[in-house]
Each structure stands twice: as structure tokens, then as C-alpha cells.
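The structure appears right after this line, and notes come after that.
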Amino acid sequence: MLFQVEEIVTWRDWDAYRIASALHGKVTGSIMRGLWGFQRALGLFFAVFGGALAGLSLLSGRPNLLTVMGAAMLYFGIRQFRKKEAAEGVKSRAAQRAFQENVTDTPMRFTFEEDGFYVWEPSGSASYRYHALDAVWEDGERDYLILPGKQWWALQKGAFTKGDPAGFRDFIESKTGKAVEMIK
């Protein structure tokens, strides 16, 4: 056994894959990164403009409607600028909660051998040859193994119990004959 990963797959892994998948496409990824950059810029604009509006209205001597509007814009702007979702995509709290409730924590084990890799999960186990992988992606926290169709796995870099996660990229590239694509 060259590499082994044991992890509990949570809704965060599924969400990370959704984001990585969206960012993977050249055009789609550029558009989404542009929209997220626009969201942060808009947040900064609202924070600066709202702060100025609230500050100037307070110079009149007492709080008024403009003070409340400025404070609300300042609050909204800071939330938009600092929000983690600004870098990962926008989703409502209700959608996030529903997503968390529908994805259960699933214990999984992945073992990578010379001839193929094996996946164990509560519903059963399966073995795959490396050439069956359609693509392999990587971001700062996970490696994504993509099979044709809609089957994929997200391997957390901190979940490697055997083998060095840093050497996994070279290993999987040599076995698949495909370059690991970096997701930014």
C-alpha cells in the first residue's frame, strides 16, 4: 500500500467539490472569480460610502434617517467584503442548512496500490484502475478524483494515514498519465 486516506466525508467536502467544479471550467471559472471580485468591490464601496454617509449625517448634531441608512450600508458593506462566501460563492443560510442536513457524515477509506485504488464506504467497496479516472484536480486543501459521469471523491490532504500528501500528486500523475489540474 503506497497511500491511504481515512476520512469522514462531510457536507463541507461536497460543497468544496461544487465550488472546485464551478471554478474548473476556464470560462465559467473566470466569470465566477470576476463576480466574486465584483461582490467584494461592491462591499468595499458600500462600507466606505455608508461610513461617510453616517459620519456626515452625525455632524448635523443628532442621528437621523441618513445616519441609519449609512450605518446599514456600512454594516452590509463590511459583511459583503469580509464574508468567506465572497471568495467561495454566494449561498443563502437556508440553502446551506438544507445542504448540511441532506449530506450525512460518511466514513470512507481510500487505498492506493501500484495496480489501482480501492474505496471502502459503509454501503460497500469497489476497486478502480487508474486509467478509469477522467481527471484529477487539486486545491489547497483537497485532491479530487473524477470518474466519468457524476462520480467523484474529495480527499482531504490532512486525512492521509499512509504516504506523504505532497508526493501524491506525482504518484497519481504517473499512474493516470494525466496532469493534475490546479484549482485556484
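The values are calculated or read from the model by the stated rules, or taken from the named source; none is laboratory data. Worth saying up front: this structure is predicted, and the values here are computed from it rather than measured. With ideal geometry, Cβ positions are generated from the backbone for all residues, glycine too; neighbour counts draw on all protein chains shown. Ligands, DNA and RNA are excluded from the accessible area calculation, which covers all protein heavy atoms including side chains. Shrake-Rupley method; radii C 1.70, N 1.55, O 1.52, S 1.80 Å.
For region 103-145, which residues satisfy the criterion of being part of a strand (DSSP E or B), over 13 Å from residue 155 (Cα atoms) and among the acidic types (Asp, Glu)? Passing the criteria: only 121.
Between 159, 132, which is hydrophobic (A, V, I, L, M, F, W, C), in contact with a strand residue (DSSP E or B) (Cβ under 6 Å, 6 or more places away or on another chain) and either in contact (Cβ under 8 Å) with a residue 12 or more places away in the chain or over 14 Å from residue 20 (Cα atoms) (or both)?
Numbers: 132 fails: in contact with a strand residue (DSSP E or B) (Cβ under 6 Å, 6 or more places away or on another chain).
Just a single option satisfies the conditions, and that option is 159.
How many residues does region 14-45 contain that are modelled with pLDDT of 70 or more and either among the charged types (D, E, K, R) or open to solvent by 50 Å² or more (accessible area, probe 1.4 Å) (or both)? Residues in region 14-45 being modelled with pLDDT of 70 or more and either among the charged types (D, E, K, R) or open to solvent by 50 Å² or more (accessible area, probe 1.4 Å) (or both): 6 in total. For region 154-171, the condition holds for at least one residue, the condition being that it is within 21 Å of residue 106 (Cα to Cα), of a type in the set (A, V, I, L, M) and in a helix (DSSP H, G or I).
Note on region 51-89: among residues that are under 19 Å from the mean Cα position of the chain (by Cα) and assigned to a loop (DSSP other than H, G, I, E, B), the one that is modelled with the lowest pLDDT is 89.
More than 19 Å from residue 9 (Cα to Cα) and part of a loop (DSSP other than H, G, I, E, B), is that true of residue 179?
Judged against the criteria, residue 179 is a match.
Which of the residues belonging to region 95-119 are at pLDDT 90 or above, surrounded by 11 or more Cβ atoms within 10 Å (Cβ to Cβ) and touching a Lys or Arg at 6+ places or on another chain (Cβ under 9 Å)? Even if it seems obvious, please write down each step before you answer.
Step one: list which residues in region 95-119 are at pLDDT 90 or above, which gives 109-119.
The next check asks that each one be surrounded by 11 or more Cβ atoms within 10 Å (Cβ to Cβ); those that pass are 109-113, 116-119.
Within region 95-119, 111, 112, 116, 117, 118, 119 meet the criteria.
Say whether the condition of being open to solvent by 40 Å² or more (accessible area, probe 1.4 Å), touching a residue at least 60 places away in the same chain (Cβ under 8 Å) and touching a strand residue (DSSP E or B) at 6+ places or on another chain (Cβ under 8 Å) is met by at least one residue in region 137-154. Checking region 137-154: at least one residue is open to solvent by 40 Å² or more (accessible area, probe 1.4 Å), touching a residue at least 60 places away in the same chain (Cβ under 8 Å) and touching a strand residue (DSSP E or B) at 6+ places or on another chain (Cβ under 8 Å).
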